[in-house]
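Colleague: Have a look at the structure that comes next, please.
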Amino acid sequence: MAETHVISALTAKRAELSGLAAHHRKEMVRLSEEIRVLDASIKLFEPDYRIRSIKPRRYQKKNEFFKHGEARRTILDILRDAGRPLTTNDIARSVMSSKGIDVSGEKALQASILATLHKQMKSGLVDLTNKDRKGQCIWELVD
């Protein structure tokens, strides 16, 4: 026999997700209509324009912790000043104390820092040297 509390929780979650999906479907319909209007406007001014040649721009969420280019500079400064390899956690704590970021934003900040460090690793500025016992990445500047 099915557990009633499990069924209740699952049906509540399904109702939540189906409501969210309906909201997004309405938004998708609205956006599609706006795109059709823009396509028609372009064709009005340039009838031979190939609308399909317009590539969609990638949507990128704005970083809530750093301005453009600031994350890279800040992280490299922290590694330089430390003079030793640091974990992602250590870097995040240093950024949190210098920028006055609340503990509630720590996970999102760590994700942002990790993404920045991976980009800098591809550029050859930092290196992932190892992982500590807790699985945290240890980073150092490349000489």
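The values are calculated or read from the model by the stated rules, or taken from the named source; none is laboratory data. It should be emphasised that the depicted structure is a prediction, and the values quoted were computed from it without experimental measurement. Please note: Cβ atoms are built from the backbone with ideal geometry, for glycine as well, and neighbour counts cover all protein chains shown. Ligands, DNA and RNA are excluded from the accessible area calculation, which covers all protein heavy atoms including side chains. Shrake-Rupley method; radii C 1.70, N 1.55, O 1.52, S 1.80 Å.
Colleague: For the chain, what log10 I(q)/I(0) values come out of the Debye formula at q = 0.09, 0.10 1/Å, with one point per alpha carbon and no solvent?
Modeller: Debye output, listed in q order: -0.58, -0.67.
Colleague: Which of the chymotrypsin sites (Phe, Trp or Tyr not before Pro) found in the stretch 55-87 are in a DSSP loop and have at most 16 neighbouring Cβ atoms, other than their own, within 10 Å?
Modeller: Values: sites: TYR59, PHE65, PHE66; in loops: TYR59, PHE65, PHE66.
Listed in order of number, the matching sites are TYR59.
Colleague: I've got another one for you. Amide H to amide H under 5 Å from VAL126: which residues, 5+ apart in sequence or cross-chain, H placed 1.01 Å off N in plane?
Modeller: MET121, VAL142
Colleague: In what sequence, largest accessible area first, do VAL95, VAL37 appear using a 1.4 Å probe?
Modeller: Details: VAL95 0, VAL37 95 Å².
Sorted by accessible area, descending: VAL37, VAL95.
Colleague: Using DSSP to call loops (not H, G, I, E or B), can you name the GluC sites (Glu not before Pro) in the stretch 45-115 whose Cβ has at most 10 other Cβ atoms within 10 angstrom? Intermediate values should be presented prior to the final figure.
Modeller: On the way: sites: GLU64, GLU70, GLU106; in loops: GLU64.
Here the sparse-neighbourhood loop sites are GLU64.
Colleague: Cα gyration tensor of the stretch 41-116, axes a ≥ b ≥ c as square roots of the eigenvalues: rounded (a/c below 1.5), prolate (a/b > b/c) or oblate? Don't jump to the answer; show the numbers that get you there.
Modeller: Values: a/c = 4.17, a/b = 3.12, b/c = 1.34.
Note, shape of the stretch 41-116 comes out prolate.
Colleague: Going by amide H atoms built from the backbone, whose H comes under 5 Å of the H on THR87, apart from near neighbours?
Modeller: Amide H to amide H, under 5 Å and 5 or more residues apart or across chains, THR87 pairs with TRP139.
Colleague: Roughly how compact is the stretch 6-83, stated as its Cα Rg over 2.2 N^0.38 Å to two decimals? Write down the numbers at each step before the final one.
Modeller: Working: Rg = 22.7 Å, N = 78, 2.2 N^0.38 = 11.5 Å.
Against the compact-globule rule of thumb, the ratio is 1.97.
Colleague: Where only protein heavy atoms count, and the probe is 1.4 Å, what is the accessible area per residue for the stretch 1-135 in Å²?
Modeller: Details: 11190 Å² over 135 residues.
Heavy-atom SASA per residue in the stretch 1-135 reads 83 Å².
Colleague: Sticking with this structure for a sec: Mind grabbing the accessible area of HIS118 for me, 1.4 Å probe, Å², rounded to tens?
Modeller: Accessible area of HIS118: about 70 Å².
Colleague: Same structure, new question: Return the aspartates and glutamates within reach of LYS122: Cα separation strictly under 16 angstrom, same-chain partners fewer than 8 residues apart disregarded; answer none if there are no such residues.
Modeller: Filter leaves GLU140, ASP143.
Colleague: Work out from phi, with θ = phi - 60° and the Karplus expression 6.51 cos²θ - 1.76 cosθ + 1.60, the ³J(HN,Hα) of each residue of the stretch 99-105, listed in order in whole Hz, and give x for Gly and Pro.
Modeller: Listing the rounded values in order: 9, x, 7, 5, 4, 5, x Hz.
Colleague: Tell me, what % of the accessible area of the chain is carbon and sulfur with a 1.4 angstrom probe? Could you put the intermediate results ahead of the total?
Modeller: Working: 6460 of 11670 Å².
Reported share for carbon and sulfur atoms: 55 percent.
Colleague: Same structure again: Which of these, LEU38, LEU125, LEU76, has the largest mean-square fluctuation under a Gaussian network model of the chain (Cα springs below 10 Å)?
Modeller: LEU38
Colleague: Round to the nearest 10 and give me the degree value, 0 to 90, for the angle of helix 4-45's Cα axis relative to the longest principal axis of the chain.
Modeller: Between helix and principal axis, roughly 70 degrees.
Colleague: Oh, and also: DSSP loop trypsin sites (Lys or Arg not before Pro) in the stretch 59-143 with at most 15 other Cβ atoms within 10 Å of their Cβ, which ones? The partial results should precede the final answer.
Modeller: Values: sites: LYS61, LYS62, LYS67, ARG72, ARG73, ARG80, ARG93, LYS99, LYS107, LYS119, LYS122, LYS131, ARG133, LYS134; in loops: LYS61, LYS62, LYS67, ARG133, LYS134.
Taking the stretch 59-143 and a limit of 15 other Cβ atoms within 10 Å, the loop trypsin sites (Lys or Arg not before Pro) found are LYS61, LYS62, LYS67, ARG133, LYS134.
Colleague: Order ASP102, ASP81, most accessible first, counting only protein heavy atoms with a 1.4 angstrom probe.
Modeller: ASP81, ASP102
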